[in-house]
Amino acid sequence: MDFNFTEEQELLIESVEEFGRRYFDEHTVDAMYTNHGIPVEIAEAYRDAGFALMGLPEEVGGIPCDKLTLGIMTEKLYHATGCMTPFMTAMLATADVAEFGTHDQAMKIIEQYAESGMPVASLGLSEPGAGSDNKAMSTYTKRQKDGTYILRGQKTWVTNGGNTPYMIVVAKDEHPARSNESMSMWLIPTSLDGVSTTPLDKIGQQIIPFVDVFFDDVEITEDMRLGNEGEGFLLLMKNFEIERCLVAAQSIGLAQACMDDAAAYASERYAFDKPIGANPLIQDMLAEMETILENSRNMLYKTLWQLDQGQSVRTQAALLKRYATTGCTKVADMALEIFAALGYTTATRVGRIWRDLRGNQLAGGTVEVMSYIAGRQLVKHYARR
C-alpha cells in the first residue's frame, strides 16, 4: 500500500494550511466562539477556495474526489484552523441533497451556497426520545386530500439548524407508531409557517449552533421529498459510514493541534533548571499522544481507502469512530496536563479543543453504540465454524 500523498493531495493540503494561517488567528477564533458563528468573509473564502464542493458531483458544480482525499482534507482543515467550525457538517448535508435529491433540488442548494458562502442545509434526525433508537422516532407526515402533507414533531441536536435556510428531515410516513418502519426524507425550507427553533446551550463546540426544531402542522409538498417514499432511513444509513470517518478526521486534526502546542511547550517551559520535556513522565505522555494520533490516522486512511474500493466498512467505521474520538479526547487531556495550571485557563487553546473533542464522542453515534455495532459483527466474525 502506498502511504504517500498524490501531487493533487499535496496541493490541496497546502491550500488548506494557507487558509488556516490566513484566517484563523487566536483573536479571530476567540471572537467566533463568543459570537457563536463564523464571519461572512471566512465563509466566502472557504467557498472561493472550493473546499465545500469537494466530493460533490461535477454535474451540480461539485469537485469530484475520492473519499480518502475528502478525509485528508478534513483532517488537515481542522488541524490548520485549530477550532470546531460548521464546515464538515454543512458539507455532509449538501452531499446528502446532491446524492438523494433531484437535479433541481441539488442545484437549488448549490446555487444558494454559491451566493452566500454560508451553510445552506442542516440535518434533523435525532429526537428527545429517539437518538440511536430510530424506531422510537415520532415526527411524522400525514397526507392531505389535496396531495400536500402535514409535518408534526420535534427534532433535537440539529447542527447549524438555527442558521440554514433548508433542513433535511427524516419523518415517519402517516403515523408515529413505533411499529411503523416507513420513513421518508424531506428537504424543508425553514422559513415555512410552523417551523420554530430553540437554541441548545452546550459546554463546547460554541462556534456551531445546535437547536431544537419544532414542526407544528407544517404544510409541505411532494416536491420537497428526497428520494422515494418510505426509503428515508435507508438513504440516511448509506452515509453513516462516511460521516463517522469524517468525525474521526475532524478529531484527529484538532488533537494534532493539541500535540503541536504541548510538545513545543515541553521544550520551552523550564522547571528545576531544565525543560520539562526532559522529564521521563512528560516524554511518556508525548509518546502516548503520538501513538494515538498515528493509530487513529492509519485507521482513518485505511477505512476510507476500503470505502473507495466499494468494500463494506460498517464495522471498520464504527471501530474507527470509537477509537479515534475517545483517543483524541485523551490526547487533548494529556496536552492540558503538560501545560498544567496554564492549560486550565483560556491562555491556551487546549482546554477549548478538549471540550470540542469531547462532543465528538457523541456525534454520529455514541461510543457505546459504536461498540454495539462493531461488537456484534466481531462476535460473528470470530465464531468457530
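We did not get these values from a lab; they are worked out from the coordinates using the rules stated. As the structure is a computational prediction, the values presented were derived from the model and not from experiment. Note that each Cβ is placed from the backbone with ideal geometry, even for glycine, and that neighbours are counted across all protein chains shown.
Compute the relative contact order of the chain as a whole-number percentage, counting only Cα pairs closer than 8 Å that sit 6 or more residues apart in sequence.
Reported relative contact order: 15 percent.
Run through segment 233-327 and list the trypsin sites (Lys or Arg not before Pro) located in a DSSP loop whose Cβ has at most 16 other Cβ atoms within 10 Å.
Qualifying residues, ordered by number: ARG269.
Can you give me the orientation-averaged projected area of the convex hull built on the Cα atoms of the chain, in nm²?
That works out to 21.5 nm², a quarter of the Cα hull's surface.
So what's the Cα pair-distance distribution over segment 260-385, bin width 10 Å, in %?
That works out to 13, 33, 28, 17, 8, 1, 0, in percent per bin.
Toward the positive end of the charge dipole of the chain, about the Cα centre and with charges on Cβ (Lys, Arg +1; Asp, Glu -1), which of MET107, MET118, MET259 goes farthest?
Going by the charge dipole, the pick is MET259.
Would you mind working out the magnitude of the charge dipole of the chain relative to its Cα centre, with +1 at each Lys and Arg C-beta and -1 at each Asp and Glu C-beta, to the nearest 20 Debye?
Details: 34 positive and 53 negative charges, 340 e Å.
For the chain, the charge dipole is close to 1640 debye.
Can you give me the angle between helix 26-35 and the longest principal axis of the chain, using Cα atoms only, in degrees from 0 to 90, rounded to the nearest 10?
Orientation of helix 26-35: about 30 degrees from the principal axis.
What whole number of Å gives the distance from the Cα centroid of segment 84-110 to the Cα centroid of segment 26-66?
What the calculation gives is 13 Å, centre to centre.
So what are segment 35-128's ellipsoid semi-axes, whole angstrom, largest first, if each one is the square root of 5 times an eigenvalue of the alpha-carbon gyration tensor?
Working: eigenvalues 78, 53, 44 Å².
Equivalent-ellipsoid dimensions as semi-axes: 20, 16, 15 Å.
For ARG225, what residues show an amide H to amide H distance below 5 Å, using hydrogens built from the backbone and excluding near sequence neighbours?
The list, which skips near neighbours in sequence, is LEU187.
With axes computed from alpha carbons, what is the tilt in degrees of helix 87-100 against the longest principal axis of the chain, rounded to the nearest 10 within 0 to 90?
The answer is roughly 30 degrees.
Taking the Cα atoms only, what angle lies between the long axis of helix 67-81 and the longest principal axis of the chain, rounded to 10 degrees?
60 degrees
Dividing the alpha-carbon Rg of segment 219-315 by 2.2 N^0.38 Å yields what? Don't skip to the end; give the middle numbers.
On the way: Rg = 21.8 Å, N = 97, 2.2 N^0.38 = 12.5 Å.
It is 1.74.
Among MET91, PRO64, VAL16, which residue has its Cα positioned farthest towards the positive end of the charge dipole of segment 7-119, with +1 placed on the Cβ of Lys and Arg, -1 on the Cβ of Asp and Glu, and the dipole taken about the Cα centre?
The one lying farthest along the dipole's positive direction is MET91.
Which of the pairs LYS76/LYS302; LYS142/LYS202; LYS172/LYS380; LYS155/LYS330; LYS67/LYS238 have their Cα atoms more than 25 Å apart in this structure?
Values: LYS76/LYS302 17 Å; LYS142/LYS202 34 Å; LYS172/LYS380 32 Å; LYS155/LYS330 31 Å; LYS67/LYS238 14 Å.
Violating the 25 Å limit, Cα to Cα: LYS142/LYS202; LYS172/LYS380; LYS155/LYS330.
Quick one: putting +1 on the C-beta of Lys and Arg, -1 on the C-beta of Asp and Glu, what dipole do you get for segment 7-119 around its Cα centre, in Debye to the nearest 20? If you can, show how the numbers build up before the last one.
On the way: 6 positive and 21 negative charges, 65 e Å.
Using Cβ point charges on Lys, Arg, Asp and Glu, segment 7-119 gives about 320 debye.
When the Debye formula is applied to the Cα atoms of segment 122-229, each taken as the same point scatterer, what base-10 log of I(q)/I(0) results at q = 0.22, 0.23 Å⁻¹?
For segment 122-229 at q = 0.22, 0.23 Å⁻¹, log10 I(q)/I(0) is -1.20, -1.30.
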